[in-house]
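Encoded as structure tokens, the structure appears first; notes follow it.
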Amino acid sequence: MEKIKIFDTTLRDGEQSPGASLNGKEKLEIARQLVALGVDVIEAGFPAASPGDFLAVKEIASTVKGAIICGLARCKKEDIDIAYKAVKHSARPRIHVFLATSKIHMRYKLRKAEDEIIKLAVWGVKYAKGKVSDVEFSPEDASRTDRRFLYRVIEAVIDAGATTVNIPDTVGYAVPFEFGDLIGSIKANVPNIKKAVISVHCHNDLGLGVSNSLEAVKNGAGQVECTINGLGERAGNASLEEIVMALDTRRDLFGKTTSIDKKEIYKTSRLVSKLTGILVQPNKAIVGKNAFSHEAGIHQDGMLKMRTTYEIMKSEDVGFGKTRLVLGKHSGSHAFKERLKSLGFHLNEKELNRAFDIFKKLADKKKEIYDEDLETIVEDELRTIPELYKLESLSFTSGTNVTPRAEVVINVKKKRIRKTSTGDGPVDACYKAIDKVTSVKPKLIDYSIRAVTGGKDALGEVTVRLKVAAKEVSGRGSSTDIVEASAKAYIDAVNKAAYKNRK
Ligand code: KIV
Ligand code: ZN
């Protein structure tokens with residue numbers, strides 16, 4: 001099977017995402033993970049863009065082994081010199097030179113005629129070729145470039161020594177059949193095309209980055225440029241995980257493979273999200289938190305009978321862990337009972353039916369029901385979790401130019417304990433006061449608040465997730481006073497943790 005090369009540009013185009021800026025250490029960490037993932041080429045940055053970019057590319061080239069390390073450069077001597085200085089430390093360096101070829105870019109941005117563009121492109125490739133043997137050339141905005149001119153440019157840069165010719169859909173304008181046809185026509189009309197690998201680089205402005213890349217592969221592209229989580233300029237680039245999994249899942253159609261270790265996909269996505277601070281949308285294909293969750297009762301029932309009824313990929317294959325059946329109001333009794341069984345509960349039919357009724361009521365209030373909630377339903381309603389800590393009263397002061405302070409009175413084994421604390425805000429002060437009573441110091445990993453109904457007098461419902469001694473627990477509380485709701489949610493989670501612990 002032919003191998004499609006995966007060129008990852010998360011650290012270059014991906015880092016151009018609004019809000020995604022990475023420091024050198026973070027880039028290095030991502031580059032190491034990209035090697036573990038098995039990408040063929042890492043575009044580590046644009047060394048001429050800033051001294052920080054130069055240093056990051058240099059550091060990656062010097063220390064990261066196992067992939068080609070590439071630096072981007074305009075067709076300018078300074079750019080190519082600095083790109084070379086950065087990538088030369090790699091055992092396999094590549095310089096990627098680019099120059100716009102569409103009429104609109106040539107006229108308004110570069111103010112150059114076609115012949116000048118060809119001359120400059122050839123010069124850039126030859127100059128880079130004098131430094132490294134692996135040179136890639138991109139005619140920027142290729143998808144909006146006059147085809148006859150594009151063939152001429154490609155032929156000339158291959159003659160000048162380019163070993164990869166990348167066809168960017170710079171502004172995400174192309175549609176799949178058109179882009180596939182463009183790649184096919186390049187193969188048919190550029191006489192020396194066999195001497196270079198055809199690469200594609202698709203932006204996602206119309207949400208077609210992955211589809212365009214796949215269509216290109218079908219028509220002869222041998223390299224795909226992509227990013228983790230689809231990060232990139234504006235609406236981003238084609239997403240690596242989607243391309244790889246599409247090629248893998250539909251090997252029957254494409255008959256192509258990649259060198260990607262699929263089990264590293266989820267880990268890489270999490271790392272990139274964590275370091276860039278750009279969250280992955282829950283319904284994102286392959287790496288979103290819901291990508292392998294099934295909520296509809298019919299789907300859950302089908303899945304439990306035969307996984308492949310509703311699942312085309314296994315979550316474990318991309319390193320996601322086991323499929324998480326999120327229970328919610330559409331879940332049927334079959335899924336609910338199976339989940340309880342897997343949590344280790346052995347209930348008789350009557351108990352199960354009662355627990356299911358309570359679950360349905362809860363699901364009306366709460367969209368996602370986690371394992372702790374199920375445990376709570378069973379333990380609370382059928383066995384009753386003892387409330388080790390019970391909030392008796394709470395008072396706090398807060399305001400502009402006032403240090404927030406809270407006092408809590410908590411009943412612990414029939415003893416009333418009063419504690420006070422200051423904090424960054426009233427909720428923080430309150431949580432610190434509670435910590436003084438319980439003496440467990442949980443880590444707050446998630447806090448959310450919502451109005452249960454509309455209007456100013458709405459109930460505020462707070463949900464927290466705490467990490468207590470390596471275990472995650474959730475808690476919920478509601479009140480028309482949001483600080484009180486926050487305190488109740490926190491104590492609820494601490495009680496669950498204490499109960500789990502004693503169990
Ligand atoms: O989108 C684009 O055209 C680019 C080039 C530099 C390849 O990122
Ligand atoms: Zn791009």
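Values for this structure:
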quantity	calculated
Residues with amide H under 5 Å from that of LYS5, placed H, sequence gap 5 or more	GLN223, VAL224
Cβ-derived FRET efficiency at R0 51 Å, LYS195 paired with ILE298, nearest 0.05	0.40
Label-point separation, ASP357 to ARG111 (7 Å along Cα→Cβ), nm	8.1
Segment SER393-HIS334, extension gain: residue separation times 0.36 nm, minus the distance between their alpha carbons	17.1 nm
Degrees separating the helix 24-37 axis from the principal Cα axis of the chain, which is the longest one	80
Expected-Rg normalisation [2.2 N^0.38 Å, Cα atoms] applied to the chain	1.22
LYS443 versus LYS267: modelled label distance in nm, points set 7 Å from Cα along the beta carbon direction	1.9
Computed log₁₀ I(q)/I(0) - Debye formula, equal Cα scatterers, no solvent, the range 218-262, q 0.14, 0.22, 0.26, 0.27 Å⁻¹	-0.35, -0.79, -0.99, -1.03
Contour excess over end-to-end distance, with Cα ends at THR400 and VAL175 and 0.36 nm allotted per residue	75.5 nm
Sorted by Cβ density within 10 Å, fewest first, the residues ASP492, ASP364	ASP364, ASP492
Trypsin sites (Lys or Arg not before Pro) restricted to DSSP loop in the range 104-194 with at most 14 other C-beta within 10 Å	ARG111
LYS77/SER50 FRET efficiency (R0 25 Å; Cβ-Cβ; nearest 0.05)	0.85
Cα-centred dipole magnitude for the chain, charges only on beta-carbon of K, R (+1) and D, E (-1), debye, nearest 20	1220
Within the range 222-310, trypsin sites (Lys or Arg not before Pro) in DSSP loop having at most 14 other beta-carbon neighbours inside 10 Å	ARG234, ARG250
Filter on LYS77/LYS256; LYS27/LYS263; LYS76/LYS274 - keep pairs with C-alpha separation over 28 Å	LYS77/LYS256; LYS76/LYS274
222 nm mean residue ellipticity, helices alone, for the chain (DSSP H n ≥ 4; -39,500 (n - 2.57); rounded to 500)	-12000 deg cm²/dmol
Simple label model, 7 Å out from Cα along Cβ direction - ILE417 to ASP481, nm	2.1
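Taken together, the values in this text are just the output of simple stated rules run on the coordinates, not laboratory data. The structure displayed is predicted, hence computed values, not measured ones. For neighbour counting, all protein chains shown are included, and Cβ atoms are generated from backbone atoms with ideal geometry for every residue, glycine included.
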